[in-house]
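These notes are about the structure you will find just below.
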Amino acid sequence: MRLLFFVAALVLGACSGKVAPTPAPSSGDLVLPTTVPNGRVEIVIKSSYANGKDVTVTVRLIPSTGTLRGPLEPYVQASGFAGTTIVKHLAPLPVTATAAKAADAQLLWDTTDDAGRAVPADDYSLVIAVLDDQGRRTTVGATLTLR
């Protein structure tokens, strides 16, 4: 009877929907986690970026159940006294993650606006969307600092 209980516990533990732990970020990287209905999204950024240099951001999708797809419709926006303005629409390269396997996607911003003009040093917001297999859409953001 104890053996049957032990085997049942092992089977239940194997089906618990656990996701592999997040790999440690590189030195100086910040991991910004956001909870979504079926897991979490992590945006991995630097504390600041050199203005005029490319900005690379990692988006990590970690569903605990089902799937997550993203980053969808990524853009960079500026905020000011007059409100927010979209500065640059980024090229999405969406990936799909499953509960069994997290997935990473890279976003690149060349620190120019949609017209190709260099942007000034300032704080900007990266905004992305993720979609789960239930059709739930979640917007996720992070601050990018250009110095």
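The values are calculated or read from the model by the stated rules, or taken from the named source; none is laboratory data. Not measured: the values here are computed from a predicted model. We place every Cβ from the backbone using ideal geometry, glycine too, and count neighbours over all the protein chains shown. The protein model used for the area step is the full one, side chains on, heavy atoms only, and it has no ligands, DNA or RNA in it. Shrake-Rupley method; radii C 1.70, N 1.55, O 1.52, S 1.80 Å.
Out of Ala99, Ala91, I need the residue that is in contact with a Pro (Cβ under 9 Å, 6 or more places away or on another chain) and loosely packed, with under 13 Cβ neighbours inside 10 Å. Which one?
Checking each option against the conditions leaves just Ala91.
Filter the range 125-141 for residues that are without any contact (Cβ under 8 Å) to a residue 60 or more places away in the chain and open to solvent by less than 10 Å² (accessible area, probe 1.4 Å) and give the result.
Ala129 - this is the single residue of the range 125-141 that is without any contact (Cβ under 8 Å) to a residue 60 or more places away in the chain and open to solvent by less than 10 Å² (accessible area, probe 1.4 Å).
Go through the range 39-57 and give me each residue that's assigned to a strand (DSSP E or B), in contact (Cβ under 8 Å) with a residue 60 or more places away in the chain and open to solvent by 50 Å² or more (accessible area, probe 1.4 Å).
Once the filter is applied, which keeps residues that are assigned to a strand (DSSP E or B), in contact (Cβ under 8 Å) with a residue 60 or more places away in the chain and open to solvent by 50 Å² or more (accessible area, probe 1.4 Å), the range 39-57 yields nothing.
Being more than 25 Å from Ala100 (Cβ to Cβ) and open to solvent by less than 50 Å² (accessible area, probe 1.4 Å) is the filter here; which residues of the range 58-79 pass it?
Pro74, Val76, Gln77, Ala78
Kindly establish whether Thr112 is in contact with a strand residue (DSSP E or B) (Cβ under 7 Å, 6 or more places away or on another chain), over 25 Å from Arg147 (Cβ atoms), touching a residue at least 12 places away in the same chain (Cβ under 8 Å) and hydroxyl-bearing (Ser, Thr, Tyr).
Criteria not met by Thr112.
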